[in-house]
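Take a look at the structure set out below.
Just so you know, all these numbers are worked out from the coordinates, no wet-lab data involved. All figures in this text were calculated on a predicted structure; none of them were measured in a lab. Here the Cβ is made from the backbone with ideal geometry for all residues, glycine too, and neighbour counts use every protein chain on show.
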Amino acid sequence: MSEHLKEEQFVVYLDARLEAGERAALDRHLAACPDCRARLDGLRAVMGVLGEWNAVEPSAGFDARLRARLAEEPSAAQPWYALRPAYAVALAAAIVLAFGLAFRSLAPPDAIPAPRVARQTQPPATPAPQQVAPTPTPTSPTAAQNGDELAALDNPVLLENYDLLKDFDVLFEPIAPEEKKSL
Amino acid sequence: MDRSDQEWMRRAQAGVPKAREEAFGFLVGKYRTPVVHFLYRMVHEPALAEELAQEVFLRVYRARKSYRPQAKFTTWLFRIATNVALNALRDGRMRRTRETSLDADTGQRPAPQGPLEVADPTGTVEQKMIERERGEQIRRAVDALPEKQRLAVLLHKYQELDYAEIAAILDCSESALKSLLFRAYETLRVRLKPLLGARV
């Protein structure tokens with residue numbers, strides 16, 4: 001073999017990863033070529049010297065620290081909301097709010113209860129200037145005929161939260177009749 | 001041996017927590033030191049190298065489902081380690097750690113090259129200083145190589161990965177890698193001539 005060694009052959013030769021036939025051919029060339037031999041010796045020397053650069057060892061607490069960090073990792077078997085309860089609460093609240101807004105925007109105007117302000121503009125049957133705590137408004141005959149839901153509209157606190165309460169009725173367990181009466 | 005790594009990874013991918021932890025623990029135990037060594041030679045900071053090694057194993061754990069057994073585990077592992085090291089070097093984490101590591105490094109590490117080492121059971125203090133100085137010269141010479149050459153040398157000389165693995169990590173052909181290694185070692189031969197002495 002008269003050709004000089006190619007760049008990619010030097011390192012492979014030094015790593016002894018050549019096939020026997022190729023190695024024998026390179027050996028023949030090296031025996032006759034001082035330039036390639038000198039280059040090869042230089043590379044062998046520098047690869048040997050590089051071995052003098054030592055690295056640090058991992059500290060004794062490496063595994064313990066890694067275990068602690070892994071313990072904080074979410075497990076693939078758990079859904080994300082199981083790991084972050086706050087996310088689940090926030091999601092539930094967002095759903096309730098979205099339902100409420102959708103109900104308000106989609107429902108026909110007459111389905112939305114009359115505003116409380118309008119009710120308050122009606123003159124009271126008897127003036128009560130000394131009243132401190134709100135007293136339940138007596139149920140009107142119409143409301144009584146239409147059941148508890150309309151009766152609840154006469155309660156100012158319930159009326160204010162009517163939309164939300166209605167959505168809760170849809171989303172959660174229906175309120176027992178005895179409990180409804182107490183409202 | 002590498003087939004064994006793939007089997008461990010398969011177990012680490014399993015949904016059974018105990019098997020997963022056992023398999024992952026085996027892989028950490030086997031590759032903890034090579035990964036720390038590689039990262040130390042990349043960033044030269046013991047505390048940062050260890051922090052980055054933790055990050056590498058966390059990434060391996062998080063991405064375990066995406067591992068395909070067709071690829072060698074070490075190729076995958078050192079590709080992650082390479083990315084983590086390069087990111088750290090580029091975002092300047094090395095400088096920040098250097099500024100704080102004197103106070104923050106609480107790891108109980110046997111430091112073979114630590115500047116505070118006093119006991120010298122293997123040789124004289126003078127010999128130790130010479131070795132340390134030679135190590136520092138080598139570090140500077142390797143560090144001055146272009147990034148790809150530096151990575152190729154670290155993965156070839158110190159991690160002893162095969163050509164196909166290094167080529168996959170560096171995203172080049174095997175032939176290009178061999179030329180890259182040749183040029184890197186040639187550059188090092190010139191820069192480290194004073195250390196080669198009678199070897200050349």
Taking first residues from the range A:7-31 that are within 14 Å of another protein chain (Cβ to nearest Cβ) and within 16 Å of B:Asp162 (Cβ to Cβ) and second residues anywhere that are small (Gly, Ala, Ser) and surrounded by 12 or more Cβ atoms within 10 Å (Cβ to Cβ), the pairs with Cβ under 7 Å that are 6 or more apart or on different chains are A:Glu8/B:Ser175; A:Glu8/B:Ser179
B:Lys65 passes all but one of the listed conditions (1) surrounded by fewer than 15 Cβ atoms within 10 Å (Cβ to Cβ); (2) more than 9 Å from every other protein chain (Cβ to nearest Cβ); (3) of a type outside the set (Val, Ile, Thr); (4) in a helix (DSSP H, G or I); the exception is number (2)
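Would you list the helices (runs of 4 or more DSSP H) that sit entirely within the range B:142-200 and hold 3 or more residues that are within 19 Å of the chain's Cα centre (by Cα) and at the interface with another protein chain (Cβ under 10 Å from one of its Cβ atoms)? Break it down into steps so the answer makes sense when it comes.
On the way: elements: B:147-153, B:163-170, B:174-191, B:193-196.
Per the criteria, B:174-191.
Among the residues of the range A:32-57, which ones are at the interface with another protein chain (Cβ under 7 Å from one of its Cβ atoms) and either farther than 30 Å from B:Met42 by Cα or of a type outside the set (A, V, I, L, M) (or both)?
Filtering the range A:32-57 down to residues at the interface with another protein chain (Cβ under 7 Å from one of its Cβ atoms) leaves A:41-43, A:45-50, A:52-57.
If the condition is that a residue be at the interface with another protein chain (Cβ under 7 Å from one of its Cβ atoms) and either farther than 30 Å from B:Met42 by Cα or of a type outside the set (A, V, I, L, M) (or both), then A:Asp41, A:Gly42, A:Gly48, A:Glu52, A:Trp53, A:Asn54, A:Glu57 are the ones that fit.
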